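Since the structure comes first, as C-alpha cells, the remarks are kept for the end.
The values are calculated or read from the model by the stated rules, or taken from the named source; none is laboratory data. Everything numeric here is computed off the predicted structure, so don't read it as measured data. Heads up, the Cβs are rebuilt from the backbone with ideal geometry, glycines too, and the neighbour counts pull from every protein chain shown.
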Protein chains: 4
Amino acid sequence: MAVRAAVAGASGYAGGEVLRLLLGHPGVEIGTLTGHSNAGQTLGSLQPHLLPLADRVLEPTTAEALAGHDVVFLALPHGQSAAVAERLGDDVLVIDMGADFRLKDASDWETFYGSPHAGTWPYGLPELPGARAALEGAKRIAVPGCYPTAVSLALFPAYAAGLAEPEAVIVAATGTSGAGKALKPHLLGSEVMGSMSPYGVGGGHRHTPEMMQNLGTVAGEPVTVSFTPTLAPMARGILATCSARAKRGTTAEDVRAAYTKAYADEPFVHLLPEGRWPATASVYGSNAVQVQVAYDAAAGRVIAISAIDNLTKGTAGGAVQSMNIALGLPEDTGLSTIGVAP
Amino acid sequence: MAVRAAVAGASGYAGGEVLRLLLGHPGVEIGTLTGHSNAGQTLGSLQPHLLPLADRVLEPTTAEALAGHDVVFLALPHGQSAAVAERLGDDVLVIDMGADFRLKDASDWETFYGSPHAGTWPYGLPELPGARAALEGAKRIAVPGCYPTAVSLALFPAYAAGLAEPEAVIVAATGTSGAGKALKPHLLGSEVMGSMSPYGVGGGHRHTPEMMQNLGTVAGEPVTVSFTPTLAPMARGILATCSARAKRGTTAEDVRAAYTKAYADEPFVHLLPEGRWPATASVYGSNAVQVQVAYDAAAGRVIAISAIDNLTKGTAGGAVQSMNIALGLPEDTGLSTIGVAP
Amino acid sequence: MAVRAAVAGASGYAGGEVLRLLLGHPGVEIGTLTGHSNAGQTLGSLQPHLLPLADRVLEPTTAEALAGHDVVFLALPHGQSAAVAERLGDDVLVIDMGADFRLKDASDWETFYGSPHAGTWPYGLPELPGARAALEGAKRIAVPGCYPTAVSLALFPAYAAGLAEPEAVIVAATGTSGAGKALKPHLLGSEVMGSMSPYGVGGGHRHTPEMMQNLGTVAGEPVTVSFTPTLAPMARGILATCSARAKRGTTAEDVRAAYTKAYADEPFVHLLPEGRWPATASVYGSNAVQVQVAYDAAAGRVIAISAIDNLTKGTAGGAVQSMNIALGLPEDTGLSTIGVAP
Amino acid sequence: MAVRAAVAGASGYAGGEVLRLLLGHPGVEIGTLTGHSNAGQTLGSLQPHLLPLADRVLEPTTAEALAGHDVVFLALPHGQSAAVAERLGDDVLVIDMGADFRLKDASDWETFYGSPHAGTWPYGLPELPGARAALEGAKRIAVPGCYPTAVSLALFPAYAAGLAEPEAVIVAATGTSGAGKALKPHLLGSEVMGSMSPYGVGGGHRHTPEMMQNLGTVAGEPVTVSFTPTLAPMARGILATCSARAKRGTTAEDVRAAYTKAYADEPFVHLLPEGRWPATASVYGSNAVQVQVAYDAAAGRVIAISAIDNLTKGTAGGAVQSMNIALGLPEDTGLSTIGVAP
C-alpha cells in the first residue's frame, strides 16, 4: 500500500523536484501541496513541467494542511522547519530539505545562521560510513546541503583511508537553481548567461561547517575546509573540484584502491574508469554521482572531483533515497541513475 | 514477457535517447547495440549518462548483429535504413527514426533527398486522425521528423475543423541536438551559445514536404508551407510558431473548440489553459506536447504554437509510443509527461 | 568641443548600453547619471562592466539633475518621459529610448498602452525612407523599439519596391535583456536557460502598431502584422523572421534587386551574400544589421530575416546614430559594425 | 604613420580576436591575412562578425605572404611558429600567440609538449614585475597562455609580498573558445550547454609549468601548482579561483595592502572594492582584469580570484598591449576596459 506524502513549499525548485520524483515512485501517493505566497494557485501555473499535477491547488503551509500524511517533505526557508515539525506527530516521517537540522554543533549553527540551533536529525547521506543505520526506521531526516553532498562524496574515501592531510581546498560550480527561485538581480538570465562568478568567498558560505562535520567525522580529526562556490551559466548541476595534500607515502595506487573500495557497492555513485572525468550533463535529472580521483605527484595532492544534479541527488533525490531507507523500501525505488543528455 | 530490442546507431543522439527511454520501459529488454565508426567502444565512453549500460560494447551495424530481436530501432543516416530492414524478417518490428519511409510521394522524396524513394511505412504520429489504426500490429513504422511532429500537432486541429486557409507559415526554433552529433563548425558550443540563426530558408528544408503531407491530408486539400527553421542556443527542444489566415467567419471560440476537441483524450498533448504559453523547458526530457492557440482578429490569423522535446516526442519518445501501439501495449508505457525543470 | 550628455535611467540595460557607447564616442562627455531606486549607489555596483565610470554616483531622476546638458538620453519606464522632457529646454537634444513618442496615431497608443498619448517625435530609424531629413537638427528624437527596428529593416525594401502583399507574418526571437532588468520569475536564469517560449501572442505586443506604422508608410497602404515574439536563451540579440506573400509576378531577381538597392549605401546594414544567413552572434555588441532575403517560389512568399543586437542597434546604438545625425556629426561616430564573437 | 600588421591564422578564434582589436587600433593598418585549410576563402564566410574585412581573402600561411609588414601576429598550432618567425627579418615585430616561446626551461617544454624547445622570447604579461622593460623595443614577443594570465595576475601580488606558501591550488573555468575552433565532439554545443566538466586533471595541463615559472620568479623560490581547468557553458571568459596557505603571521590587512599596491597604477587590472567579486560577464570583450582577494582565517588561506576574457586579455588583447609597449605607443591604444554586458 502506498504511503501518502505531503510537500510543504511545493512552488519552489526543491519542492518541484521532489514532486517530479514522487510522481514516478510506485510506493507513494501525493497528498497535500502547500505554498506561502502562492497558496491558492494551481501547480500548473507554477510548475508547468509537472503535467499530471497541473490542476492541484496549493494550500497555505500549516500543520493542519500537512496532517494526515505518512511522510512530509519540508522545502521551507531555513528557520521554519522546526515549528512545523513539532506539530506533526512522532509517527510521521518528516524530511527536512532545508538546513535546520544538519549541524551537530550548536555554535557552528549560530555562527553561520545567526539564530538558535533547532537540533540535529539523522543525516540523509546514506553513502557516508554509518549513515544508513541511522536512517533505518528514522522518523526525522535532515537532507544534506547540495554542496556538502557533492564534496563529501568526492573526498570522504581519501579521508576514510587516511590518505589526505586535514586541509581540504574546494572550488565548486553550481547551476543557478541552487540559489532557488529568489527574485534577485544577479540571478536574472541576462546576468547569468555567459558568466562565471564566485560568491561567499573566504569561508563564509553556510555549507562550510557541514562539510567540515562530514569530513572530520570520517577522518577522525578536524578537517579545515577552504570552500569557494561559484555560479555557473546552467540551470542544474554541481561540479565539485576538491583537493588535499596527500599524506606522506601515499601512492596513486593507494588512492585508486580507496575509492574503488568505497564505492564498490554503492548504487548511485559511479567511480569513473581512469581517464574519464565527471560532467554535470551526464547526471542531469538523475540521482547518480560521478566521481573521479587523481594523484598529482608533482603537487603532492589528491584531486577528487564529483558531479551531481544539485536538485536531484543534491536535494530531492537524496531525500527520496533516505525516505526509502527509513521506510524499508529498496533504496533506489523511484530513483534513476540515467541522466537526460545531451 | 519482455520484448527484446536492438538499437542501430546507438552512439548518436537519437540512439541514446531511445536507450534512455527503453531503460525505463518495463516491457523491453535491451539487446544488441550497434555503431559505425564507434563500433568496439563502450557505451560508457559515448553516452556517459546511460550509466546502467556503461559496459556495453557497440557492434558494427549489420543485419547479423541485429537479427534475433523482436524490435529493431534504426537511427541511421538517411538512405541506409532500407538495406538493413530488408534483411530483417517480416515478423520483426522495425522502427525507422530516419527519414527514409516517411513520404508517400516518390517525387517529393527525390526532389528533397536526391535519391530513389525507398517506400512508405505506417506513420508514427498517433495523434493524427487515423494514424493509430495504421500502427496497430504494424511491423514497420516510420517515425516522423521532429519539426513535422511539432508543426502537425500545432496546426492539424485548425485544418481538421476547416478553420484555416491552406497556406501555413511556420517559424520553428530547435535545440542543437536536432542537428545530431555531426562535427560541423556552426554546431560548436562557441558558435551556438548566445546566437540565434536560421538555416534552410526559402522552402529547402527536407521536413517541408512531410508537413505538407500531414496538413494536406487532414485539410483534404493541398496546403502550402512556408517553413523557416532556426537554431537556438539550447541542447533540446522545439518551439514551433505556426499560423495561417483564418477562413472567413472563423471566431476565437471556433478555434478554441477545435483544439479542445482534438486533444480532449490525447495522453501526451496538453492544450494549455488560455493565457499560458508553451515553453520548451516544460517538456524537457518528456514525451509531452504543450499546445496553445490564439485567434488574432486584427491580422485575421490563427496562431498555433507547440513545444516538444525534439529528442523525446520528436524522435525517440514518438518511436516508443508507436512501438507500444504496434505491440498492443498501453500507449504510454515507459513514457512520461513530466519534464525535467528548471 | 565635446557635447555634454546626461543619462536618465543609468542603472538599467538600455542606460548601461548607451553609456558603453558614449564612453567610446569622441565627441561626447558624460555628465549626470540618474536612477530611481538606485539613486545614491555607485555605477560600479550596478554596471560593473563600465569600469571607467565605476565611481560615478547616481542622482535621482529630476529635471534639475538633468539640466545643463546638451543631450539627455531618457531610459525610463514608458509614460514618464514627457514630464521630464517638458522641463528640459527646447535647445536640449532629448532622446527618448522609451515608447512614449514613437506612434503617430493617438488611438493606437491608447489601445496598446492604456494611457493618454504624449505626442510624436522624429523617429530615429535613419534607414527608413525620409527618416534622416527629419532627424537633422532635431531636438527631440523617439528611438524605435527593438523589434520594430529589426522587422522594419528586414521588410521595408520589399514594401518599398511593391513586391509584397500587405499582410506580414513575423516571428522574432529576443535575448532576455530585451525584457530589461525586471525581477520577474520567468526571467530568472534557471527558467530561461534551455527554454524557448512565446509571449504577447495574437496581436497584443505593443510593438505591433509601430511595425504597422513603419511598413504601412513605406508601402503606401495599410499593412497588417501578425507578430509573435519569443524569448530565447541568450542575453542579447534579435532574430526577426519576416514574410509576406509576394505580389503576383514577383521574381527572385526582383527581390534581390530591391534589397541590394535599399542597402547599397547604408553604413550599418549588411545585406549578406546569397547563401549566407544572419546570426545574432555576428552583431553582438555592434550597431550592424545583418539582412538576408529569399523568395520561396513554392509557398509564394518573400522571406526576409534580420539580426541585430537589441541593446545596440535596437536601442542605444540607434539612439547614438540618430544623435549623430541631429548634431551634424558623421553618422557612425562612436559606433562599430564589428561584433564580439564567438 | 600606421604600422602594417599581418595575421597568420586569421580564421581561428585568436586570429579573429586580434583582428577585431586591430580594426579599432588607430595606429595599425591591417595587411595580409593567412589561413591553412581555409586559404582562398573570404573572411566574411569565416568570421562574419568582422564586417569591415568581409571581402578579404585568406592567403596560405607562408613567409612570403607575411613579408613586408611591420608586425606579424602568429596564431598557429604550437610547434609551427619558429619556422615562420625565422624567415621574417629581425626588424619585424613577431608576436606569437601560441605556446612555443613562453617557457624558459627546455626540459619543461619537452615534458609537456613532447617536442624540442624552440627558445624563449620576452614574455608579454606587462603587469608582472620587470616585464615591461623586457618588452620595450622588443622584436619578438611570446604572448602568455590564457590561464597563466588569469592565474598570475590573481596570485603574484601575494607572492611578491611574501604572504603565501609556495603551494598554489588553482581551479579555473574557461569558456569554450579557449579550446579553439577544433571539431571535437565534446566541444559541440549540445554537449557543452548545461555542463561543467574538468579536463587535464592531476598536473597534466600544459599551462602548469608556465604558471610555476611566473609565480616562482616573483616568489623567489619554486612554487608548486595544482591546476584543474574546467570547461564552462559559455563562449568566453576565465574565472580563476586561486589559493595558497598564508605564511605565518599574515593578516587580512597585509593581503589587502599587497594587492592595492600591486595594482595601484595598472591600467587594465581592477582590484574590486571589498565585498564585490569578479564576474566574467563584466570583462566580456574587454582587456580588463577583475581581481579580488580574501583572507580565510579559519582555513589559513589567501583566496585570490580573477576574471578575464580569455580571447582578449588572455590572448589577443594581451598581444596588442605588448605590441603597444614594444612600439612605444601608449599601452592602452586600441584597447578597452569596458565590457559588453549584460
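Worth a mention:
- Whichever residue in segment A:9-20 is touching a helix residue (DSSP H, G or I) at 6+ places or on another chain (Cβ under 6 Å) and surrounded by 24 or more Cβ atoms within 10 Å (Cβ to Cβ) and, among such residues, is farthest from A:ALA182 (Cα to Cα): A:VAL18
- Exactly one residue among D:ARG236, D:ARG301 is within 30 Å of C:GLY16 (Cβ to Cβ), assigned by the TED database to the domain that holds D:TYR159 and among the basic types (Lys, Arg), and that residue is D:ARG236.
- Test result for C:LEU215, more than 10 Å from every other protein chain (Cβ to nearest Cβ) and surrounded by 22 or more Cβ atoms within 10 Å (Cβ to Cβ): yes
- Cβ-Cβ under 6 Å pairs, at least 6 apart or on other chains, segment C:278-295 side within 14 Å of D:GLY16 (Cβ to Cβ) and more than 7 Å from every other protein chain (Cβ to nearest Cβ), far side part of a loop (DSSP other than H, G, I, E, B) and modelled with pLDDT under 95: none
Residues checked against (1) in contact with a Leu (Cβ under 7 Å, 6 or more places away or on another chain); (2) assigned to a helix (DSSP H, G or I); (3) not assigned by the TED database to the domain that holds B:VAL94:
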| residue | (1), (2), (3) |
| --- | --- |
| B:SER11 | yes, no, no |
| B:LEU19 | yes, yes, no |
| B:LEU22 | no, yes, no |
| B:PRO26 | no, no, no |
| B:THR34 | yes, no, no |
| B:GLY40 | yes, no, no |
| B:GLY44 | no, yes, no |
| B:ASP55 | no, no, no |
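- Every listed requirement among (1) farther than 30 Å from C:GLU86 by Cβ; (2) part of a helix (DSSP H, G or I) is met by C:SER152 save one, (1).
- All of (1) surrounded by fewer than 23 Cβ atoms within 10 Å (Cβ to Cβ); (2) in a strand (DSSP E or B) hold for D:ALA5 with one exception: (1).
- Single residue of segment C:206-254 satisfying the filter (hydrophobic (A, V, I, L, M, F, W, C) and touching a Ser or Thr at 6+ places or on another chain (Cβ under 6 Å)) that is nearest to B:ALA281 (Cα to Cα): C:LEU231
- Taken over segment D:51-81, the criterion of being closer than 30 Å to D:GLY203 by Cα and either free of Cβ contacts under 8 Å to residues at least 24 places away in the same chain or surrounded by fewer than 18 Cβ atoms within 10 Å (Cβ to Cβ) (or both) is satisfied by D:PRO77, D:HIS78, D:GLY79, D:GLN80.
- All conditions in (1) surrounded by 23 or more Cβ atoms within 10 Å (Cβ to Cβ); (2) more than 27 Å from D:PRO267 (Cα to Cα); (3) within 11 Å of another protein chain (Cβ to nearest Cβ) hold for C:ASN38, with the sole exception of (1).
- Failed item in (1) of a type in the set (Ser, Thr, Tyr); (2) touching a residue at least 40 places away in the same chain (Cβ under 8 Å); (3) away from every other protein chain (no Cβ under 13 Å), with A:TYR13 passing the rest: (3)
- Residue ID - farthest from the other protein chains (Cβ to nearest Cβ), chosen from residues in segment C:244-275 that are of a type in the set (Lys, Arg) and surrounded by 14 or more Cβ atoms within 10 Å (Cβ to Cβ): C:LYS247
Okay, residues lined up against (1) in the same structural domain as C:LEU231 (by the TED database); (2) buried (at least 24 other Cβ atoms within 10 Å of the Cβ); (3) under 18 Å from C:GLU17 (Cβ atoms):
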{"residue": "C:TYR113", "(1), (2), (3)": "no, no, no"}
{"residue": "C:THR120", "(1), (2), (3)": "no, no, no"}
{"residue": "C:TYR123", "(1), (2), (3)": "no, yes, no"}
{"residue": "C:GLY130", "(1), (2), (3)": "no, no, no"}
{"residue": "C:VAL169", "(1), (2), (3)": "yes, yes, no"}
{"residue": "C:PRO185", "(1), (2), (3)": "yes, no, no"}
{"residue": "C:GLY194", "(1), (2), (3)": "yes, yes, no"}
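- Qualifying residues in segment A:171-183 (those that are of a type in the set (A, V, I, L, M, F, W, C) and within 9 Å of chain C (Cβ to nearest Cβ)) - the one surrounded by the most Cβ atoms within 10 Å (Cβ to Cβ): A:ALA179
- Residue list for segment A:171-187, filter: in a loop (DSSP other than H, G, I, E, B), touching a residue at least 12 places away in the same chain (Cβ under 8 Å) and not small (Gly, Ala, Ser): A:LYS181
- Close contacts from segment C:222-233, counting a first residue that is within 8 Å of chain B (Cβ to nearest Cβ) and more than 10 Å from C:VAL201 (Cβ to Cβ) and a second that is at pLDDT below 95 and surrounded by fewer than 24 Cβ atoms within 10 Å (Cβ to Cβ), with Cβ to Cβ under 9 Å and a gap of 6+ residues or different chains, come to C:VAL225/C:GLY203.
- Here C:GLY194 qualifies as touching a residue at least 12 places away in the same chain (Cβ under 8 Å) and assigned to a loop (DSSP other than H, G, I, E, B).
- Residue in segment B:300-323 that is farther than 30 Å from C:ALA235 by Cβ, surrounded by fewer than 24 Cβ atoms within 10 Å (Cβ to Cβ) and more than 18 Å from the chain's Cα centre (by Cα) present: yes
- The number of residues in segment C:82-111 that are surrounded by fewer than 24 Cβ atoms within 10 Å (Cβ to Cβ) and part of a strand (DSSP E or B) comes to 1.
- Out of D:PRO273, D:PRO267, one residue alone is without any contact (Cβ under 8 Å) to a residue 24 or more places away in the chain and assigned by the TED database to the domain that holds D:GLY237. It is D:PRO273.
- Flag for C:GLY137 being at positive phi and outside any strand (DSSP E or B): yes
- Filtered residue count, segment A:155-167, keeping only those that are surrounded by fewer than 24 Cβ atoms within 10 Å (Cβ to Cβ) and part of a strand (DSSP E or B): 3
- When the strands (runs of 3 or more DSSP E) confined to segment B:265-342 are screened for residues that are under 14 Å from A:LEU50 (Cα atoms) and among the polar types (S, T, N, Q), none reaches at least 3 such residues.
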